[in-house]
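Let me begin by presenting the structure, written as structure tokens, before commenting on it.
Read-outs throughout are calculated quantities, based only on the coordinates presented, and are distinct from any laboratory measurement. Remember, predicted model here, so these are calculated numbers, not experimental data. A quick note on method: Cβ atoms are made from the backbone with ideal geometry, for glycine too, and the neighbour counts reach across all protein chains shown.
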């Protein structure tokens, strides 16, 4: 398996997925849905948890919310295995909230309102800044650490490139699948970063160990050999983790699924970037006279 020779093909696959995500974000933004499906924790708004007391359709509840509030895109999600529904929308005042509950009660006479909460714009803005800061700080710290550990800034840059790739791929799936961007988004992204960098470091360690086994002008062979030698470890670790998270996704409630699905995507992306991209980027950053 000549990864270095076929690196353009691997880059093309990633570029296509990321471009699909970007195009989807643009289309969603133009259509008024928002580039991503931001939850109230990120945008501010009103959240309601209601036990309908019987069977219902999300579309019926969504239509009632639109009629009462005038909002075009409320988020309505059934809690799996129950008659409960989670409603999230732009902020509404107390009069509109009362009118909405009365309208829902007219159609669903046995319903019970369990929780109503509001998230202000200030808090949501702080959440967005905290999420971005957490990602930037973690990537910056890893860049410094890896550069020092391998005594080569190009190794750190290659690893961070792979991490940025994973974040963009996960964001692409958030856009395409309209996965809610909420508190679990931050945890999912940081978990993916930690998992991906671990796989990349294992490969980079083997590249360093193989340094004495290859001549200066055999860098491509050294990287290919190192990736192949660690391939079983990378694949087995990823599959073991996927089995666990896949089970959680299948058996978990909706809020757990919203966390597990991005992890599944991120683990697959992380394994792909570690095996096919990180070493290739390191190779591309090496001067020709050292290859």
Check: When N counts the residues of segment 142-291, how does its alpha-carbon radius of gyration compare numerically with 2.2 N^0.38 Å, as a ratio?
Finding: 1.13
Note to self: Would the chain count as rounded, prolate or oblate if I go by the C-alpha gyration tensor, calling it rounded below 1.5 in a/c and otherwise prolate when a/b exceeds b/c, oblate otherwise?
What the structure shows: prolate
Checklist line | Value of relative contact order over the chain, rounded to a whole percent, pairs C-alpha under 8 Å and six or more apart | finding: 24 percent
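Per 0.36 nm of contour for each residue apart, how much would the distance between residue 231 and residue 98 grow if the chain were fully extended, relative to their Cα-Cα spacing?
Details: separation 133, 0.36 × 133 = 47.88 nm, distance 5.89 nm.
Separation in residues times 0.36 nm, less the Cα-Cα distance, equals 42.0 nm.
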Check: Which whole-angstrom value gives the distance between the alpha carbon centres of segment 251-275 and segment 85-103?
Finding: 33 Å
Notebook entry, point to check: By its C-alpha gyration tensor, with a ≥ b ≥ c as the square roots of the eigenvalues, how is segment 45-119 shaped: rounded for a/c under 1.5, else prolate for a/b larger than b/c, else oblate?
Noted result: rounded
Notebook entry, point to check: Expressed in nm to one decimal, what extension gain is obtained for the pair residue 107 and residue 198 from 0.36 nm per residue of sequence separation less their Cα-Cα distance?
Noted result: 27.5 nm
Checklist line | Cα long-axis angle, helix 183-209 against the chain (0 to 90 degrees, to the nearest 10) | finding: 10 degrees
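Quick one: compute the contact order of segment 45-119, relative version, from alpha carbon pairs under 8 angstrom and 6+ residues apart, as a percent. Write out the running numbers ahead of the final one.
Values: 125 pairs, mean separation 37.8, N = 75.
50 percent.
Pulled fully out, how much extra length does the chain show between residue 114 and residue 268, if you take 0.36 nm times their separation in residues and subtract their Cα-Cα distance?
Working: separation 154, 0.36 × 154 = 55.44 nm, distance 3.77 nm.
So the extension gain works out to 51.7 nm.
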Item checked: Choice from 73, 199, 12 with maximal GNM fluctuation in the chain (Cα, 10 Å cutoff) -> 12
Margin query: Just to confirm the number: angle between the C-alpha axis of helix 254-272 and the first principal axis of the chain, 0 to 90 degrees, nearest 10?
Written below: 20 degrees
Next item on the list: Run the quick spin-label model on residue 213 and residue 12: label points 7 Å from Cα toward the beta carbon, then report their separation in nm to one decimal.
Entry: 3.1 nm
Checklist line | Rounded FRET efficiency, nearest 0.05, which uses the C-beta distance separating residue 247 from residue 285 and R0 of 45 Å | finding: 0.70
Next item on the list: Describe numerically, in nm with one decimal, the distance between label points set 7 Å from Cα along Cα→Cβ at residue 5 and at residue 26.
Entry: 3.6 nm
Check: In which sequence would 253, 79 go, from the one with the fewest C-beta neighbours within 10 Å to the one with the most?
Finding: 253, 79
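Could you list 67, 118 in order of exposure, starting from the residue whose Cβ has the fewest other Cβ atoms within 10 Å?
Values: 67 12, 118 15.
So the ranking, lowest neighbour count to highest, is 67, 118.
Under the rule of -39500 (n - 2.57) per DSSP H run of 4 or more residues, summed and divided by the residues of the chain, what mean residue ellipticity at 222 nm is obtained, to the nearest 500 deg cm²/dmol? List each step's numbers first, then the result.
Numbers: 11 runs with 193 residues, N = 291.
That comes out to -22500 deg cm²/dmol.
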